[in-house]
Amino acid sequence: MTPFVVKKAAFTRERSSAFTILFSYHNSAAATATPTNHSAPAPGVIVFPECEGIVLHAGPTQSGGASAEWFAKLLGRSPAGLTELAASADVSRPLPVFLPHLDGERAPLWDITARASFAGLSSVMGAAELARAVLEGVGYSARLLLERLEASACCRPDVIHHSGGGSASDLWCQIRADILGRPLHRTAVRDAGVLGAALMAGTGAGLFTSLHDAARTFVKIDRTFEPNRAERERHERGFAAYQLLYKQLIPVNAAMN
């Protein structure tokens, strides 16, 4: 996953509205974007040069979609089949916590020795519970990065736009909305990177007056996922456990590596 936060300095106070773009790919992770004029990055965050008053705060995670693909392959399922299995898990009962650090972690941790792990397993849990944990663990990694990006950009996005291969799953979109605690707007075009490149090229060639106008014309919303407030407390506990588990495993991973 590669979250990034974009801050648009040119907005007036009346027009300004922070937004986040979350890209998720089946072989990578996610991305986030938010408008502002702050260009000093927080630790673990990448900040790009200003363009049209936009400052991009970004960070890629390592194994978001790859974690789902890995676990689906272990079960002999497709990624779509994995989300169907995860949907059957009973979330009213305890679920394991999953760290999606199969090949280390990039932003915001930048830890090459980090490794994936399930914690909190019990004999009553099965494939459905582990599948759900994988999807939620990737969501927690997005939240960890988003919070660092918000600190870097000095603003809290009130809108999240979601794109990429992982956004094809309604369940995974809902899980992300629940974990991030904000409405998630899935874009109609899944390949946001391709569309973005085309819009930048069109703006550079003079077909659009600005990137803002190009995006306003071509970026359309397919569906909005509202966060389920009933899931808030469970995900607060899960996110706290996620962070604690990573810290506790640092010496273990160091010894194993």
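The values are calculated or read from the model by the stated rules, or taken from the named source; none is laboratory data. Everything numeric here is computed off the predicted structure, so don't read it as measured data. Glycine also receives a Cβ, built like all others from the backbone with ideal geometry; neighbour counts cover every protein chain displayed.
Observations on the model:
- The stretch 48-78, residues that are more than 24 Å from MET200 (Cβ to Cβ) and touching a strand residue (DSSP E or B) at 6+ places or on another chain (Cβ under 9 Å): GLN62, SER63, ALA66, SER67, TRP70, PHE71
- Members of the stretch 161-179 that are in a helix (DSSP H, G or I) and at pLDDT 95 or above: ASP170, LEU171, TRP172, CYS173, GLN174, ILE175, ARG176, ALA177, ASP178, ILE179
- Qualifying residue in the stretch 185-195 (condition: under 14 Å from the mean Cα position of the chain (by Cα) and closer than 30 Å to ALA241 by Cα): yes
- Selection from the stretch 141-160 of residues that are in contact with a helix residue (DSSP H, G or I) (Cβ under 8 Å, 6 or more places away or on another chain) and either more than 20 Å from TYR242 (Cβ to Cβ) or surrounded by fewer than 23 Cβ atoms within 10 Å (Cβ to Cβ) (or both): ARG143, LEU144, ARG156, PRO157
- Among the residues making up the stretch 181-238, those that are in a strand (DSSP E or B) and polar (S, T, N, Q) are THR187, THR224.
- For the stretch 52-73, the count of residues that are surrounded by 15 or more Cβ atoms within 10 Å (Cβ to Cβ), in a loop (DSSP other than H, G, I, E, B) and modelled with pLDDT of 95 or more is zero.
- Count of residues meeting criterion [among the polar types (S, T, N, Q), crowded, with 17+ Cβ neighbours inside 10 Å and in contact (Cβ under 8 Å) with a residue 24 or more places away in the chain] in the stretch 203-257: 1
Matching residues to (1) at negative phi; (2) among the charged types (D, E, K, R); (3) over 17 Å from the mean Cα position of the chain (by Cα):
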| residue | (1), (2), (3) |
| --- | --- |
| GLY120 | no, no, yes |
| VAL138 | yes, no, no |
| GLU150 | yes, yes, no |
| ASP158 | yes, yes, no |
| SER167 | yes, no, no |
| LEU171 | yes, no, no |
| ILE175 | yes, no, no |
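- Residue match in the stretch 244-253 (condition: assigned to a helix (DSSP H, G or I) and under 30 Å from VAL189 (Cβ atoms)): no
- Entry remark, the stretch 74-85: residues being over 19 Å from the mean Cα position of the chain (by Cα) and buried (at least 19 other Cβ atoms within 10 Å of the Cβ) number 1 in total.
- The condition (being in a loop (DSSP other than H, G, I, E, B), touching a strand residue (DSSP E or B) at 6+ places or on another chain (Cβ under 6 Å) and either in contact (Cβ under 8 Å) with a residue 40 or more places away in the chain or crowded, with 22+ Cβ neighbours inside 10 Å (or both)) is satisfied by just one residue among ALA133, ALA89, ALA114: ALA114.
- Scanning the stretch 119-129 for residues that are in contact (Cβ under 8 Å) with a residue 40 or more places away in the chain, surrounded by fewer than 21 Cβ atoms within 10 Å (Cβ to Cβ) and over 14 Å from PHE239 (Cα atoms) returns ALA127, ALA128.
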